[in-house]
Each structure stands twice: as C-alpha cells, then as structure tokens.
Amino acid sequence: MYFDPRPKTKREDLFDRERELEEFITALESRRPLTVITGIRRLGKTSLLLVGLNEANAPYILVDMRDVNPSSEFDLYKRIEAGLNRLIRERKDIKTKIKEILSHISGIQILGSGIYLSWGERGVDLLELFETLERLDVVIAFDEVQYAKGPIGRKLTGLIAHLYDYTDLRIVVTGSEVGLLYDFLGIEDPNAPLFGRYFEEITLSRFSEEQGREFLRIGFEQCNINVGKETIEEAVRALDGIVGWLVLFGISALKNPERALEATLKKATLLAKSEFEEFLGRHEFARKRYIAVMRAVALGNKRWSEIKEFLERREKKSISDSVVHRLLTNLVKSSFLEKVKGEYRIADPILEMVFKQGF
C-alpha cells in the first residue's frame, strides 16, 4: 500500500525507486564496506533501506539515531540493544545462533527472549560486539546518523572507521540533513576518523510532477477510491514531489477528498514548524536571523546578496559577510535550504508556505 505512513519493507510498496533500490542491493551484494543513503526529509530513505535489506535477505541491526543524546553513552547503547532485539524477533532462523555467540561477550545479559547491554567501565565493548557479529554476516545500519554529535559522534565515527578497516562488515548510514551527514563522515576534515574512506552514495530526489500524479493515481486505485484529476493536480502542485506529504494527502483523501489538501497542509505545517523549531533550539543565539533568512528566501530573495540586503534592512545595520555565510551554510547543511546554480530555495514546499505567511 502506497499510503501506509510507516516505512515500507516490500518492493511492491516502494513506488518508482527501482534504480536506487538496485544500486543499494548491488552495493550490499558487492560487499561495499560503507553505503550512504541521502536525501531531504520525507523522500523515503528508511523505506529504501528496509526494502533493500529485505531483498538482499541480509540479517541486519538497524540503529535509529534520531534525537540521540550526543552526551549519553546510555542512549547509544539502548538504541543498539533495541536493534539487536529487533534482529532476534525478525530472524527466528538465526535467533539461537545469535544468542549463543553473544553469550560469551562480557557485559551482555540474555534473559528470556531479550538481550540487554551494560555500559560504562564494565560495559560491553562495542568493537568486540560488532566483530563477533561479523560471524553472522550482519549488516549494521545507522538511520539519521547525523544526529550523532559530541562525544557520541566521536565514539561512533571511530567505531565505524575501525570496522571499515579491520572487518568485512557492511555498514549503511542514512541522513536527511545532508551537510551534517557529510560532516559526520568527515569528507573535508583530514583529522576525522572516516576521512578518505570510499563510500557508495545513493541519493533520493523528490518526485517529478508526473511521478507524483502516478503515485497518487495508483495509491487511490489500491484503496478503491475515486479522486478527481483536478484534486490530484492541486495536490501535486502544492506538495512538490515530497513523498511523505503525498502519502499524508492520500490518507486524508480516504476520509474526505474535498478537504484532503486543506487537512494535509494543516498537519504538515505543524510538523514542519516543529522541525524548524528543533533546529532553532540548537541555534538559539541566532534565532531571529535564521527566521529572517528563511523569510527572505520565501519572499523571493534567492541570491546571497539579496539575502544579505534583506537582513541589513531588517536590522538597520551592516552585517558581516562571514555571519551571512555561516547562517546560510548551517541552513543548507541541515537541508532546510538548497543551493542550485547560485540561488537558494527552501527545500520543503510546506516550510516555504509557512515562511511566506510569517512563521
């Protein structure tokens, strides 16, 4: 079902991502040590990840890094623990073997059907844990890995670099905030643990208008509901190929086709604003300026000089080039802005609408 809001796990539920899916499966079957899946929010990265892993029939540990506490070793270990327990639940064919090989690792408790990790000085050595799992040819996947910053980020990049160099494990990472993901990988930092390591990159793009129409048409057919072409066209124009918003529109249309776009925009606006507020919470010192930059771009000021002039008119004072550069860089790295041919645009049409209205 295309309109299921949960990440997809089967090929038939993944619309028009055949090329990207084959690239991912090829990377897994070719035993690439590190595969990176990128794309802005709500394009289906987790769906591609899960479908590819299932198609390759690869046992995997999926570690969800969204909103991980960057200073909490406890948080990291609990997420890895959750990934291990999911593996045991879903791969009953190797459940006994997993428990048997992990039972010999210090800091691991096996109680009933669950595995529990200790952390701290006498906790599990993650290197030992993953090196042991190499015997099962497990794929290690970190979803939204850019959230791993601070001490946890350094621990994780060091861990991945060691596994890359000294094991045959396959590691996959995904990230919606693409610039921050590149920072995590250290692609421009010679001192970063992962600097210089080759990785296979698979990038998801938004749907074209034609793809958006077809996605909605087939989705409504699957649900045995008839939605007029005019309603579909209006949604395609408003939602600009963002898969997650198209799914939300499809779900809303099942209840009330006439009010579906209105309901979608209402829900999507709240979610988009919440995500940007979370970003502002990490940059509270420049909150007003980040809002002003987004407002400038939403109102059509797309070039660097136009954005700088907008800020200076707003604050009635000169602002240094370096400050403007830092503001724009952080917004691009966090995938709220995109830079195309020297011009900036807001990546998400819903967020653009929010800033046109004033935030």
Exercise for the section: Please list, ordered by first then second residue, the pairs with beta carbon atoms under 8 Å, 6 or more apart or interchain, first in the range 203-227 and under 16 Å from Arg19 (Cβ atoms), second basic (Lys, Arg). Expected result: Leu204/Arg17; Leu204/Lys45
Problem - Check on Thr231, hydroxyl-bearing (Ser, Thr, Tyr), open to solvent by less than 70 Å² (accessible area, probe 1.4 Å) and under 30 Å from Asn69 (Cβ atoms) - result: no
Fill in the blank from the handout: Within the range 309-356, the residues that are of a type in the set (Phe, Trp, Tyr), in a helix (DSSP H, G or I) and over 16 Å from Glu277 (Cα atoms) are Phe310
Practice task
Return the pairs, sorted by first residue and then second, in which the second residue is among the acidic types (Asp, Glu), the first residue lies in the range 77-101 and is without any contact (Cβ under 8 Å) to a residue 60 or more places away in the chain, the beta carbons are less than 7 Å apart, and the residues are 6+ apart or on different chains.
Solution key: Arg79/Asp64
Completion exercise
Within the range 337-354, residues out of contact with any strand residue (DSSP E or B) (no Cβ under 7 Å at 6 or more places or on another chain) and open to solvent by less than 10 Å² (accessible area, probe 1.4 Å) come out as Ile350, Leu351, Val354
Problem - Of residues in the range 52-86 being in a helix (DSSP H, G or I) and touching a Pro at 6+ places or on another chain (Cβ under 9 Å), the one surrounded by the most Cβ atoms within 10 Å (Cβ to Cβ) - result: Leu53
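Please go through the range 297-333 and give me each residue that is of a type in the set (S, T, N, Q), open to solvent by less than 60 Å² (accessible area, probe 1.4 Å) and farther than 22 Å from Ile40 by Cα, ordered by number.
Narrowing the range 297-333 to residues of a type in the set (S, T, N, Q): 301, 305, 318, 320, 322, 329-330.
Pick out the ones that are also open to solvent by less than 60 Å² (accessible area, probe 1.4 Å) and you get 301, 320, 329-330.
Within the range 297-333, just Ser320 meets the criteria.
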Completion exercise
If we keep only residues of the range 96-140 that are at pLDDT below 90 and either open to solvent by less than 20 Å² (accessible area, probe 1.4 Å) or not small (Gly, Ala, Ser) (or both), then the residue nearest to Phe24 (Cα to Cα) is Gly114
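The values are calculated or read from the model by the stated rules, or taken from the named source; none is laboratory data. Worth saying up front: this structure is predicted, and the values here are computed from it rather than measured. We place every Cβ from the backbone using ideal geometry, glycine too, and count neighbours over all the protein chains shown. Side chains are part of the model used for accessible areas, which takes the heavy atoms of the whole protein and leaves out ligands, DNA and RNA. Shrake-Rupley method; radii C 1.70, N 1.55, O 1.52, S 1.80 Å.
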